[in-house]
Amino acid sequence: MKRFYTVLIVGILAMFCSSRVFAQSFNAGLIVGPTFCQVDGDNYAGFHQLGFTAGAYANLPIDDYFSAQMELKYSLFGAHSSDKEVNEYGYNAYSHRLHYAEIPLMLRCNLGFFRADFITLELGVSADVRLRSTEDTNGDFQVTTNRWNAFSATANAGIHFAFNDHLGLGARYMYSVVPIRFTGNPGWFYNQYYNKVVQITLTYNLNSPLR
């Protein structure tokens, strides 16, 4: 984990430096916000696990409306039992935290051609590196990192609203396209474990305006 934080800081600094060197073409900024998570494939339902994400991005405009964006983020995903599942259904009280290094690659389309240049649609995929996993079942806390795949991938679809030239608010829906854990059952897109995440982020662009 400490090594990753070092890499994350170095990566963020590299993005900022590159945006300064190539100020006419690159934008760079910061991302932070909460995540609302569940794991498809376990016995628990609902976005009850509250996590967060934080990192940086580098954005390259392609033309007046399209841009490509790479991000480097730390993200906390997982799953959590609800009070109803525990009290009414008799499920175990459960909390699962999955720590990831995320590298999303996003294609962004600004809606300026609809006279809505403050709105940008996003679509892409992220490469996810599992850093750590912990599970707590009825107070029995365990580090379960090795139970979960070291690498996975997640599809991302979202929307971003620009308040001004620098500050914005984004929302994304994310779902694993590569399972985060294999159950031993046949199939790739079913009978396995998948992250399912709603992510809300505040973005701050550091140099030229980003829509």
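The values are calculated or read from the model by the stated rules, or taken from the named source; none is laboratory data. All values derive from a computational prediction rather than experimental measurement. Here the Cβ is made from the backbone with ideal geometry for all residues, glycine too, and neighbour counts use every protein chain on show.
Quick notes on this one:
- Test result for TYR100, modelled with pLDDT under 90 and touching an Asp or Glu at 6+ places or on another chain (Cβ under 8 Å): no
- Some residue of the stretch 127-142 being free of Cβ contacts under 8 Å to residues at least 40 places away in the same chain, closer than 30 Å to ILE62 by Cα and either touching a helix residue (DSSP H, G or I) at 6+ places or on another chain (Cβ under 7 Å) or small (Gly, Ala, Ser) (or both): yes
- Pairing residues of the stretch 148-169 that are without any contact (Cβ under 8 Å) to a residue 24 or more places away in the chain with residues that are part of a strand (DSSP E or B), at Cβ distances under 8 Å and at least 6 apart in sequence or on separate chains, gives ALA150/VAL129; ALA150/ARG130.
- Where ALA56 falls short, out of the listed (1) under 18 Å from TYR175 (Cα atoms); (2) surrounded by 16 or more Cβ atoms within 10 Å (Cβ to Cβ): (1)
- Candidates PHE118, PHE161, filtered to the one that is among the hydrophobic types (A, V, I, L, M, F, W, C) and out of contact with any Leu (no Cβ under 6 Å at 6 or more places or on another chain): PHE118
- Of the set (1) in contact (Cβ under 8 Å) with a residue 60 or more places away in the chain; (2) closer than 23 Å to MET174 by Cβ, all apply to HIS48 but (1).
- Of all residues in the stretch 103-120, those being at pLDDT 90 or above and either surrounded by fewer than 21 Cβ atoms within 10 Å (Cβ to Cβ) or β-branched (Val, Ile, Thr) (or both) number 8.
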